[in-house]
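The values are calculated or read from the model by the stated rules, or taken from the named source; none is laboratory data. Just so it is clear, the model here is predicted, and its values are computed rather than measured. Counting neighbours? That spans all protein chains shown, and the Cβs are built from the backbone with ideal geometry, glycine included. SASA here: full protein model, heavy atoms, side chains in, ligands and nucleic acids out. Shrake-Rupley method; radii C 1.70, N 1.55, O 1.52, S 1.80 Å.
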Amino acid sequence: MIPSLSRDAYDSATYEAAHRPLGFRSDDQPQQQHPFFFAGFGSPSFASVIGMLIVGFLWLFPFVLYYKALEFEEPSRVVLLIQVTPIFAGIFAYLFLGERLTQLQLVAFALLFMGGVLASCKKVEGRLKLSKGFFVILMASCMWALSDVFFKIIAPGFGNFWSAYAVDLMG
């Protein structure tokens, strides 16, 4: 038998929180339920919701470009090229968020970009040529990075991450 603790062992708020059904106060009045009731769904502005839906679209549409790039390029090369997304995220974070990059980060970005370019080069008739897939996946990576940076800008208007993410997924 598990010993029960008396109500005196808790302060009243802790006792009530531990012994009431989810969604009900101590006076048994139903509370308004939201999809993310555990996180406290905020009330964002209309502009924030529209902005987050656009951010969701910016995150979703690059998948179309990704599959298009697979038509032009081998999957192993396309996956390598997706790795340039952090480069764009760093550039956009610098431009839109005012974040600063160290010299080491800039060198790392340059190495990543050069690796992506070299991975997408093909030897055609004795000359190195960039594939069509390179530009398509570059555009997809750019859109994914924009989506992430704009999410960071718009999300505070929602009150919490989960509320913003839920609306982002609807885009």
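At a glance:
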item	result
Cα Rg, Dmax (largest Cα-Cα span) when computed across segment 95-159, Å	16.4, 57
Net charge, Phe92 excluded, C-beta distance under 12 Å - Lys, Arg +1, Asp, Glu -1	-1
Exposure ranking of Lys122, Lys68 by accessible area [1.4 Å probe, largest first]	Lys68, Lys122
³J(HN,Hα) computed for each position of segment 90-107 - Karplus, 6.51 cos²θ - 1.76 cosθ + 1.60, integer Hz, glycine/proline x	x, 5, 5, 5, 5, 6, 9, 10, x, 6, 9, 10, 7, 5, 4, 5, 5, 5
Virtual spin-label span in nm between Leu169 and Leu97, 7 Å along Cα→Cβ	2.2
Local electrostatic count, Ile154, Cβ distance below 14 Å [Lys/Arg +1, Asp/Glu -1]	-1
Surface accessible to a 1.4 Å probe, Glu71 within the full protein complex, Å²	130
Listed residues Trp144, Trp59 arranged by accessible area, highest first, probe 1.4 Å	Trp59, Trp144
Phe63 accessible area, assembled protein chains, probe 1.4 Å, Å²	70
For segment 72-84, 3J(HN,Hα) per residue [Karplus equation, 6.51 cos²θ - 1.76 cosθ + 1.60, θ = phi - 60°, Hz, x = Gly/Pro]	8, 9, 5, x, 5, 6, 5, 4, 4, 6, 5, 5, 7
Order of exposure, largest accessible area first, which applies to Val167, Val49 with probe 1.4 Å	Val49, Val167
For Asn160, distant residues with modelled amide H under 5 Å away	Gly42
Formal net charge of residues neighbouring Ala140 (Cβ-Cβ distance under 15 Å; K, R +1; D, E -1)	0
